[in-house]
Amino acid sequence: MAGLLATLAFSACTDTVVLPPPPPGYAFRPEVAEIGSFHDVWAGAADDMWAVGGRGLILHYDGALWQRVESGVSEEINGVWGDGTGAVYAVGNNGLLLRFDGTAWLPITSPTAEGLNAISGTAPDNIFAVGNRGTVIHYNGNAWTPQQTGTVTANLRGVWAYSPSVAYTVGNDGTVLSYSGGGWSTIAPATSEHLRGVFGFSDSDVFAAGNNGAILHYDGVSWTPQSSGVTRWLQGLWGVSSADMFASGEGGTVLHYDGSAWTRFTSNIFTTQYFEGMDGTANDNVVAVGTLGTLVRYDGAEWKKELSDVGAIVRRGLWGTGNDDLYLVGTYGEIFHRRGGEWRFIAGGRPQSLNDVWGAGGEIIVVGDAGLAMHRDRSGWVVMDTGSSEGLNGVWVASPGDAFAVGNNGAILHWDGAAWSPQNSGSSRVLHDVWGTSATHVLAVGNDGLVLRYDGTSWGPEAMLDAVALRAVWGSSASNVIAVGTGAAGQGNAFRFDGVAWKKETIGTSAALEAVHGVSAGDIFAVGIGGGGIGTFKDSFFHFDGATWRRSSTQSYVHLSGVWAVSESTVYTCGTGTVLYRGTLK
């Protein structure tokens, strides 16, 4: 059969790898798997935070993972705020109003069609939302109603409520409005810059931030400019006191104010992101969100990246039940799912990378570095206690409640549906992958060509093949198993077990093979990395027709480290450099 391939960029569009012309016989179609942009975040508690963004994006943090919650809309969601009783509100383009009732997000009839940019409140019956062309709406616990802002037509971009009778909103051209309970009044501008965020601690201690590094402070009498030391647009504002404030904005800008001066945080995780939203629960739990799917958290000592579309490295984690039900995993514990012809972020936000995913009978398990394992139950994705700190490189699920994971230092773990328990591998070598035909016939492969076999009772050595490392194993049956890896000279090696013995295959490649999968004994794919380094990888996609391995005629320009064949006509392959490929046979 002719080979199959196409492309999918697991990154923001700015990071998409430029691919060479497709070879004859292959139909390429780019797909994008990315989180998207965040616009705002609200932190109700350390284990109860919400982030919102583009195309109806809503994520919830439960103390362990950020997980997608369906919004039911496709509009941009620009602001989010919770009333402390379990109800959470979100606002967005075209007057969008949503309310989370503890179970689901539901639309609310809006009194405006103007875009709403921000939301803040003090109680379930005192909530303000502001938006374009001077729009302000208020919720009194029963209904949302418009409020008059006089002749103000500027777009309002930030709002902060202090009490039922005190609130502030800011917007374009230095617009500042104050609410006194009886209505809104305009304050003489202290700047002509667009103001994008406002936050405070009392009616005489309020901060505003905006374009060109503008930061203003209100002391109850007047607004006074402060030197931010930057010229970037600023938007996110949050703090625990007027002597412990944070601000964020474009160009990866994050600032801190100690009561005397603003200083900029420096970190290699701050690059080109525009941090639009910021909130926290304490000065050691501050979250900033922005473009390129970026979510970072400050723990009181340093900022750490929890989610991102930039720098996410896809490992070999690809698994699915069909063309419209595929999972892929990568860095930051990120899990993506392909449904309805598109990839969507569904969970993530861990310091560990995920390395593999497998499922059977509705049980889906992912594994990664430092003993990380997660599975999906009725409530969503849950972090599992593996009892191990070893890096886990491969997982295979025999059936619900029966799974194996392998990793560093010969680690093998078994999941029985209730708990993970270690199994004795008899080796300290790194194990890279695991696969089986049943719970009593499981193979694990690793360094030095090691092949282990589990017979339902114990693990034992089956073979030591001529390889520096065996990276992956898969078979169409117990008598047709393929293992791939790297030889002593760095070349790709493939071995086939025919039910009697392992034999080395002639594959003829300098590519270090990383993954293998197929749909039958005569339709198997292997991927890897060619010679010459990143940017010159060549001949890293191979097909086995049951008799002969043939190299693809394509150049990939990436390190291909995962492959999943959906059918004889469609295959997916992923790799480092934040790229994934999809293709169908013409």
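The values are calculated or read from the model by the stated rules, or taken from the named source; none is laboratory data. All figures in this text were calculated on a predicted structure; none of them were measured in a lab. Here the Cβ is made from the backbone with ideal geometry for all residues, glycine too, and neighbour counts use every protein chain on show.
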Pair list, Cβ < 7 Å and 6+ apart or interchain, from segment 448-466 residues that are over 16 Å from Gly394 (Cβ atoms) to residues that are surrounded by fewer than 17 Cβ atoms within 10 Å (Cβ to Cβ) and among the polar types (S, T, N, Q): Asp455/Thr440; Gly456/Thr440
Have a look at Tyr298, Tyr274, Tyr257 and point out the one that is assigned by TED's automatic domain parsing to the domain that holds Gly53, over 22 Å from Val170 (Cα atoms) and of a type outside the set (Asp, Glu). Tyr298
Arg471 - would you say it is in contact with a Gly (Cβ under 7 Å, 6 or more places away or on another chain), part of a strand (DSSP E or B), surrounded by fewer than 21 Cβ atoms within 10 Å (Cβ to Cβ) and of a type outside the set (Ser, Thr, Tyr)? no
Among strands (runs of 3 or more DSSP E) lying entirely in segment 89-128, which contain 1 or more residues that are at pLDDT 95 or above and of a type in the set (Gly, Ala, Ser)? 116-123
Residues (under 19 Å from Val254 (Cβ atoms) and either hydroxyl-bearing (Ser, Thr, Tyr) or assigned to a strand (DSSP E or B) (or both)) located in segment 201-216: Phe207, Ala208, Ala209, Gly210, Ile215, Leu216
Those residues of segment 418-444 which are of a type in the set (Gly, Ala, Ser) and not in a strand (DSSP E or B) amount to Ala418, Ala419, Ser425, Gly426, Ser427, Ser428, Ala439
Considering only segment 198-205, I want to know if a residue exists there that is closer than 14 Å to Tyr168 by Cβ and polar (S, T, N, Q). yes
Exactly one of Ala118, Ala123 is farther than 21 Å from Val176 by Cα and aliphatic (A, V, I, L, M), and that residue is Ala123
Can you give me the ranges of the strands (runs of 3 or more DSSP E) entirely in segment 222-279 with at least 1 residues that are over 30 Å from His60 (Cα atoms)? 223-226, 262-264
If only one of Glu193, Glu276 is acidic (Asp, Glu) and within 21 Å of Ser37 (Cα to Cα), which one is it? Glu276
By my count, strands (runs of 3 or more DSSP E) wholly in segment 478-585 with at least 2 residues that are modelled with pLDDT under 70 are 579-585
Every residue in segment 343-374 that is part of a loop (DSSP other than H, G, I, E, B) and touching a Phe, Trp or Tyr at 6+ places or on another chain (Cβ under 7 Å), please. Gly349, Arg350
Among the listed residues Ala167, Ala161, which satisfies the condition of being at pLDDT 95 or above, closer than 14 Å to Ser120 by Cβ and under 34 Å from the mean Cα position of the chain (by Cα)? Ala161
Whichever residue in segment 34-88 is among the polar types (S, T, N, Q) and assigned to a loop (DSSP other than H, G, I, E, B) and, among such residues, is farthest from Leu307 (Cα to Cα): Thr85
Of Val286, Val357, Val329, the only residue that is crowded, with 24+ Cβ neighbours inside 10 Å, more than 27 Å from Ala472 (Cβ to Cβ) and in contact with a strand residue (DSSP E or B) (Cβ under 7 Å, 6 or more places away or on another chain) is Val286
Quick one: which residue in Gly174, Gly200, Gly181, Gly210 is of a type outside the set (Ser, Thr, Tyr), at pLDDT 95 or above and in contact with a Pro (Cβ under 7 Å, 6 or more places away or on another chain)? Gly174
In the set Thr7, Thr14, the lone residue that is modelled with pLDDT under 50, surrounded by fewer than 17 Cβ atoms within 10 Å (Cβ to Cβ), of a type in the set (Val, Ile, Thr) and under 22 Å from the mean Cα position of the chain (by Cα) is Thr14
